[in-house]
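The values are calculated or read from the model by the stated rules, or taken from the named source; none is laboratory data. Remember, predicted model here, so these are calculated numbers, not experimental data. All Cβ positions, even for glycine, are placed from backbone atoms using ideal geometry, and neighbour counts span all protein chains on display. For accessibility, only protein heavy atoms count, side chains too; no ligands or nucleic acids. Shrake-Rupley method; radii C 1.70, N 1.55, O 1.52, S 1.80 Å.
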Amino acid sequence: MAFKESLGNVWGKAKSGTMAVSLEAKKKMKESSIKGEISSLEAKMNGVFTQIGREAYESLSGALAQNEKTKELSDSLGEIKDQIAAKEKELEDEMARFDKEIAEVKGPQKAGETAPTEEPKAEEQDEQPKEEGQGESKKICTNCGAPNSPEVAFCGSCGAKMEK
């Protein structure tokens with residue numbers, strides 16, 4: 001009987017230990033899940049704050065320029081916008097250079113084929129008037145604050161589902 005009791009005690013402790021480990025794992029998973037939801041909500045909130053800030057900046061830009069503190073921030077935004085424009089131009093130039101190099105490596109085109117660099121340029125020309133000329137509105141991602149085309153379902157920057 002002593003052996004059976006001893007075996008029963010070992011079995012009971014093992015079962016108890018296994019259940020405790022299982023519950024600890026469930027606890028960690030639940031904690032992680034809830035923290036993930038909190039993080040997602042905080043990111044969504046930050047996206048809304050970003051959108052509010054942009055709207056306030058656009059509607060109050062004249063008044064902000066008169067305030068000494070906000071004038072510095074506004075000037076800083078202007079400098080950043082200029083840097084972004086320069087980087088966009090650099091990107092355009094670099095992509096064109098690579099397209100040219102790729103076309104040279106591929107060799108001469110057969111009659112009737114268009115060069116690889118011609119097609120993207122035509123697409124870019126089609127897209128630019130929509131964005132710049134017509135002032136197409138953008139959807140702002142509530143997760144990260146990035147501007148997106150109105151027809152997209154997911155943010156091009158962070159991948160979050162766009163609200164309708």
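Computing the accessible area with a 1.4 Å probe over protein heavy atoms, can you report the carbon and sulfur percentage for region 20-96?
Its accessible area is 60 percent carbon and sulfur atoms.
Based on the mean of other Cβ atoms within 10 Å per residue, sort peptides 90-100, 153-163 so the most packed one is first.
153-163, 90-100
Calculate, in nm to one decimal, what Lys26 and Glu92 gain on full extension: separation in residues at 0.36 nm each, minus their alpha carbon distance.
18.7 nm
Modelled label-to-label distance, Ser76 and Ser33, 7 Å Cα→beta-carbon offset: nm?
It is 4.2 nm.
In the structure shown, do any of Lys44/Lys89; Lys44/Lys87; Lys35/Lys161; Lys139/Lys161; Lys69/Lys138 have a Cα-Cα gap over 23 Å, and if so which?
Pairs exceeding 23 Å: Lys44/Lys89; Lys44/Lys87; Lys69/Lys138.
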